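Beneath this line is the structure, given in structure tokens, with notes to follow.
The values are calculated or read from the model by the stated rules, or taken from the named source; none is laboratory data. This one's a predicted model, so the numbers in the text were calculated from it and none came from an experiment. Heads up, the Cβs are rebuilt from the backbone with ideal geometry, glycines too, and the neighbour counts pull from every protein chain shown. Ligands, DNA and RNA are excluded from the accessible area calculation, which covers all protein heavy atoms including side chains. Shrake-Rupley method; radii C 1.70, N 1.55, O 1.52, S 1.80 Å.
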Amino acid sequence: MSEEKTNAEILKEKLFNTRKNGRLAADEKTLAECDAYCEKYKAFLNSAKTEREAVKTAVKLAEENGFVKFERNKKYNVGDRVYINNRGKTAAFAVIGKEPVENGVNITAAHIDSPRLDLKPNPLYEDIELALFKTHYYGGIKKYQWTAIPLALHGVFALKDGSVKEVSIGENDDEPKFVINDLLPHLSQEQLKRTLNEGIKGEELNVLIGSHPFKSDKGSELVKLNVLKLFNEKYGITESDFLSAELELVPAVKACDIGIDRSMVGAYGQDDRVCAYPALTAIMEVNAPEKTALAILADKEEIGSVGNTGLESDFLRYVIGDLAEMQGGDGTVALRNSKCLSADVNAGTDPTFQDVMERRNASFLNYGVVVTKYTGARGKSGTSDASAEYVARIRNMLDNAGIIWQSGELGRVDLGGGGTVAMFIANMGVDVVDLGVPVLSMHAPFETTAKLDIYMCYRAMYEFMK
Ligand code: MN
Ligand code: MN
């Protein structure tokens, strides 16, 4: 047998689009960089479990890296670093480029909200001498996954005097946690006949928060009373203050390595902080780019990018407008010339559930950052289908920089679907394509990603904005 390649093999190499596992393609140095980067990523996840905490953590990092709060009446020069904080839930970070803003901005946009359980406005009640919170889930969850796991309470009470009390209970080892209890299998005969979707119903997502009654010989609701007394002592609040609160229950679990080879990361809220962290850390590294660079960390993507902190709002328009006007330019011209990477996750192929994927167009762990030309459902409805020309430009950028990447589609045709912020940004006349990290167990309380893909996402964000 000859060691030489056959003509067919040579021609295949030239003509076929062959994929290779990124961990085989990458050298040792790159793999070590993936590991080091993900140590910082895990720390970010632990400090940013809600959109508010993500903005806070991001602004702190930005200020340490020379970013200052943008002021409309000020003039900024090439290389200047500014940030705009929208109500503590969405933030934009910009580095002023050499070309006028009107020539276009290179935008990376990721979201920092994740599926979770929000407290209802009137959440607290007592039943059979146990105190509980009523919740309304946020985003697309499989409700049964949120029972019988430790939960932490994060958020704020906004009081009538204008003060805001920050809440975080359950993250530290010595702090109490909360839990939604499920029915024991012994008595689940009826429950187990429900469909998986109804296995736990929305109104059954009730969180256990206390059982100790306030000491008294008479009176009812003494457990609830004691719980309120504790909240009052800690935050100075009364029951009515829940009406103007935003309190979110998230899994009380820390980010960790997954696998005996430590090649993956497991954590809550990786959709989409696994793209938000790369976008944020990439813009920290950008100095005096040709075009102005902008990284946006947005709220409300999981419920349709609605509201004044979601990307369907005019926030991005105002940000670009302000930057352009600062130079005497026009915001709409700037938008029309702008380019964007919509940084969001894709569904990685799970060995156990391969049949929801169409293998030739699915994304895989360790095959690098995923370029998703379109999302949507039922014949591409609700997507911004990126143009061939723009995808070609991004391909070229990734290949020239030696970034390991793959293309992906969100599952088989007509099995479901989803959307990202891409379509809202496209509506402003910006060229945009989705690019992000493949995730297993997306939207579950604990999601899995691969370190190589995360690092390649960071490198793509940097390459795009530098
Ligand atoms: Mn997402
Ligand atoms: Mn999502």
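Odds and ends about this structure:
- Label-to-label distance, nm, for residues given as residue 256 and residue 125 (7 Å Cα→Cβ offset): 3.6
- Nearby lysines by direct alpha-carbon distance to residue 14 (threshold 27 angstrom, same-chain neighbours under 8 apart not counted): 5, 373
- Shape box of the chain [Cα atoms, principal axes, largest first, Å]: 89, 68, 42
- For the stretch 116-251, a crude dipole built from +1 on the beta carbon of Lys and Arg and -1 on the beta carbon of Asp and Glu, taken about the Cα centre, is about 300 debye to the nearest 20.
- Leading residue at positive end of dipole, the chain (Cβ point charges), from 219, 94, 413: 94
- Among 182-195, 110-123, the order from most to least packed when residues are scored by Cβ within 10 Å on average: 110-123, 182-195
- Its Cα centre serving as origin, the chain has a Cβ charge dipole (Lys and Arg +1, Asp and Glu -1) of approximately 460 debye.
- Most simply put, the chain has about 70% antiparallel DSSP beta bridges, counting only bridges with both residues inside it.
- When all protein chains stay in place and ligands, DNA and RNA are ignored, the 1.4 Å accessible-area order of 81, 262, largest first, is 262, 81.
- Our coupling estimate for the stretch 92-98, obtained by passing each phi through the Karplus curve with A = 6.51, B = -1.76, C = 1.60 and θ = phi - 60°, is 10, 10, 10, 10, 5, x, 6 Hz, Gly and Pro reported as x.
- Relative to one another, the C-alpha centroids of the stretch 396-466 and the stretch 96-115 are positioned 16 Å apart.
- Kyte-Doolittle mean at least 0.5 and Cα axial length at least 15 Å: DSSP H helices in the chain: 315-326
- Protein accessible area in the stretch 164-225, 1.4 Å probe - carbon and sulfur %: 53
- Packing rank of 400-409, 218-227, where each peptide gets the mean count of other beta carbons within 10 Å, highest leading: 400-409, 218-227
- Rounded to the nearest 10 Å², the accessible area of residue 290 at probe 1.4 Å: 100
- For the stretch 422-435, Karplus couplings with θ = phi - 60° (6.51, -1.76, 1.60), whole Hz, Gly/Pro x: 3, 5, 6, 6, 4, 4, 8, x, 8, 6, 8, 9, 7, 8
- Inter-label distance for residue 60 and residue 303, nm, one decimal - labels placed 7 Å from Cα along Cα-to-Cβ: 2.6
- The calculated 222 nm mean residue ellipticity attributable to helices in the chain amounts to -8500 deg cm²/dmol, summing -39500 (n - 2.57) over DSSP H runs of n ≥ 4 and dividing by all residues.
- Pairs with C-alpha atoms separated by more than 29 Å, drawn from the list 89/234; 40/466; 40/224; 40/177; 89/339, are 40/224.
- Model label zone, residue 136; criterion: amide N under 19 Å from point 7 Å along Cα-to-beta-carbon; scope the stretch 200-217: 201-207
- Model label points for residue 43 and residue 13, set 7 angstrom from Cα along the Cα-to-Cβ axis, are 4.3 nm apart.
- Sorted peptide list for 168-174, 291-297, criterion being average Cβ within 10 angstrom, highest first: 291-297, 168-174
- Under the criterion of Cα pairs below 8 Å and six or more residues apart, the relative contact order for the chain equals 22 percent.
- Fully extending the segment from residue 388 to residue 233 would add 49.8 nm, taking 0.36 nm per residue of separation and subtracting the current Cα-Cα distance.
- Per-selection Rg to Rh, the stretch 321-466 - Cα, Kirkwood hydrodynamic radius: 1.01
- 1.4 Å probe accessible area per residue over the chain, in Å²: 48
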